[in-house]
1. Go through segment B:1-104 and tell me which strands (runs of 3 or more DSSP E), entirely inside it, have 2 or more residues that are closer than 26 Å to A:Ala28 by Cβ.
2. So which residues in segment B:39-90 are farther than 15 Å from A:Lys99 by Cα, within 11 Å of chain A (Cβ to nearest Cβ) and under 13 Å from the mean Cα position of the chain (by Cα)?
3. So in segment A:1-48, with the set limited to residues that are assigned to a loop (DSSP other than H, G, I, E, B) and among the aromatic types (Phe, Trp, Tyr), which one is modelled with the lowest pLDDT?
4. Condition first: more than 10 Å from every other protein chain (Cβ to nearest Cβ) and either exposed (fewer than 13 other Cβ atoms within 10 Å of the Cβ) or touching a helix residue (DSSP H, G or I) at 6+ places or on another chain (Cβ under 9 Å) (or both). Now tell me which residues in segment A:1-15 satisfy that.
5. Here are some residues: A:Ser23, A:Ser41. Which one is among the small types (Gly, Ala, Ser), more than 11 Å from chain B (Cβ to nearest Cβ) and either over 14 Å from B:Leu43 (Cβ atoms) or surrounded by 13 or more Cβ atoms within 10 Å (Cβ to Cβ) (or both)?
Amino acid sequence: LAKTTQPISMDSYEGQEVNITCSHNNIATNDYITWYQQFPSQGPRFIIQGYKTKVTNEVASLFIPADRKSSTLSLPRVSLSDTAVYYCLVGVASGGYQKVTFGTGTKLQVIP
Amino acid sequence: DVKVTQSSRYLVKRTGEKVFLECVQDMDHENMFWYRQDPGLGLRLIYFSYDVKMKEKGDIPEGYSVSREKKERFSLILESASTNQTSMYLCASSTGAGVSNQPQHFGDGTRLSIL
């Protein structure tokens, strides 16, 4: 099963824009791409979801190219409270049925 | 707000014991999931369920089973606990058809130690 991969870690200064990319070349045709944020000792929390092109909400944007084999989470003007691990989640077809797989996770450290 | 409640935050069991981890959601969601999370390995899907009494294997089902007798409750069972099952276990739920088409809502996890 092909892995859904992300950079292991990223550092950013406060106030900068951060872009985190996820590679998911085995995404199922009709499935969405979802991004989560996780703080220590908590479960992941939903950030944004999309199917294609660009989606924006009050906290982030999600860019998905036409082939849908990757996606990029964009966090505008990060603050210290954005220090967390970020995961992408995609649906994949496996053994005749559908399931989900998380990316490997990106640890974002925001620096004052 | 959706609430996903896992029965224990911390649990310590012995090798060979049968262990039950319980998860309850209060939003009438169709889909429920069990993951384990280990350092360096991220979140890995153990089992999921898209309806009462229905279950599908995830990426790492060996050594585990699940039960979903009621829509709001999804139980993870370690048939004979082993030390390599020491981990953080996370339960999640989501609504709708298609297991990835709606956001998942997570509990805060159960940190299980097998001695």
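1. Working: elements: B:4-6, B:10-13, B:19-25, B:31-38, B:42-49, B:64-70, B:73-78, B:87-94.
The qualifying strands (runs of 3 or more DSSP E) are B:19-25, B:31-38, B:42-49, B:64-70, B:73-78, B:87-94.
2. Going residue by residue through segment B:39-90, those that are farther than 15 Å from A:Lys99 by Cα are B:39-42, B:52-53, B:62-90.
Still in the list and also within 11 Å of chain A (Cβ to nearest Cβ): B:39-42, B:88-90.
Of everything in segment B:39-90, those that are farther than 15 Å from A:Lys99 by Cα, within 11 Å of chain A (Cβ to nearest Cβ) and under 13 Å from the mean Cα position of the chain (by Cα) turn out to be B:Met88, B:Tyr89, B:Leu90.
3. A:Tyr32
4. Of everything in segment A:1-15, those that are more than 10 Å from every other protein chain (Cβ to nearest Cβ) and either exposed (fewer than 13 other Cβ atoms within 10 Å of the Cβ) or touching a helix residue (DSSP H, G or I) at 6+ places or on another chain (Cβ under 9 Å) (or both) turn out to be A:Ala2, A:Ser9, A:Asp11, A:Ser12, A:Tyr13, A:Glu14, A:Gly15.
5. Numbers: A:Ser41 fails: more than 11 Å from chain B (Cβ to nearest Cβ).
Of A:Ser23, A:Ser41, the one residue that is among the small types (Gly, Ala, Ser), more than 11 Å from chain B (Cβ to nearest Cβ) and either over 14 Å from B:Leu43 (Cβ atoms) or surrounded by 13 or more Cβ atoms within 10 Å (Cβ to Cβ) (or both) is A:Ser23.
The values are calculated or read from the model by the stated rules, or taken from the named source; none is laboratory data. Please read all numbers here as calculations on a predicted model, not as lab measurements. Neighbour counts are summed over all protein chains in view; Cβ atoms, including those assigned to glycine, are modelled from backbone coordinates with ideal geometry.
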